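Everything on this sheet refers to the single structure shown next.
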Amino acid sequence: MNLKNIFNIISYFQYPLAILAIYFTILEDFNSFLIFMGLAISFSTLQDTNKIQNKFDKVILENPKKGKIFFVFVTVLAFFLVFLGICGYLITENEKAHELSIGTLVLGIGFISMLKTGLEMFEIHRKDKNTATNKVYKSLGNK
């Protein structure tokens, strides 16, 4: 078992973390929801980038136009959440708002992780650059 397989196995922790996030939402602890959702998203990025996980991923990752639109959206969302979290953490004096800013920051970091993994998957699976010649070229160790 190599290190890559270990990370792929660890990526399955995303599911219990997402369940915890939903559990905390039911209990109206929105900060815990944000933190555990951010952690779940981060763990999901440990998956094998050579495999497409579901039909939604396939639609986005194989279509260059849809993929670019999706990644622009995720980039804006991730950096907005990080910016909001940092501003809230540094500026606010309200304890609840301070806690929410930490959760927002963790969620933003999770989206940055998802962005990095998604871009790797996009480069591997997009149809316009995924020709037989490119596959042979990449298998020879070239980029």
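The values are calculated or read from the model by the stated rules, or taken from the named source; none is laboratory data. Not measured: the values here are computed from a predicted model. Cβ placement follows ideal geometry from the backbone for every residue including glycine, while neighbour counts extend to all protein chains displayed.
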Q | Inter-residue pairs, beta-carbon under 8 Å, first within 13 Å of LEU39 (Cβ to Cβ) and free of Cβ contacts under 8 Å to residues at least 40 places away in the same chain and in segment 1-25, second of a type in the set (S, T, N, Q) and not in a helix (DSSP H, G or I), 6+ apart | A | SER11/THR45; SER11/GLN47
Q: May I ask you to list the residues in segment 2-25 that are of a type in the set (A, V, I, L, M, F, W, C) and in contact with a Phe, Trp or Tyr (Cβ under 6 Å, 6 or more places away or on another chain)?
A: PHE13, LEU17, LEU20, ALA21, PHE24
Q) So GLU62 fits all but one of (1) modelled with pLDDT under 90; (2) loosely packed, with under 13 Cβ neighbours inside 10 Å; (3) closer than 27 Å to ASP128 by Cβ; what number is the exception? A) (2)
Q) Name the pairs whose Cβ atoms lie under 6 Å apart, with the first residue in segment 88-107 and touching a residue at least 12 places away in the same chain (Cβ under 8 Å), the second among the aromatic types (Phe, Trp, Tyr), and 6 or more positions between them or separate chains? A) SER101/TYR89
Q. Quick one: is PHE43 at pLDDT 90 or above, crowded, with 16+ Cβ neighbours inside 10 Å and closer than 26 Å to PRO16 by Cα?
A. no
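I'd like the full set of residues that are among the hydrophobic types (A, V, I, L, M, F, W, C) and in contact with a Leu (Cβ under 8 Å, 6 or more places away or on another chain), limited to segment 35-66.
ILE35, PHE36, MET37, LEU39, ALA40, ILE41, PHE43, ILE52
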Q: Taking the residues in segment 19-30 that are in contact with a Leu (Cβ under 9 Å, 6 or more places away or on another chain) and surrounded by fewer than 18 Cβ atoms within 10 Å (Cβ to Cβ) as candidates, determine which candidate is modelled with the lowest pLDDT.
A: LEU20
Q: Inspect segment 75-89 for any residue being over 30 Å from ASN2 (Cα atoms), in contact with a His (Cβ under 9 Å, 6 or more places away or on another chain) and not hydroxyl-bearing (Ser, Thr, Tyr) and give the result as yes or no.
A: yes
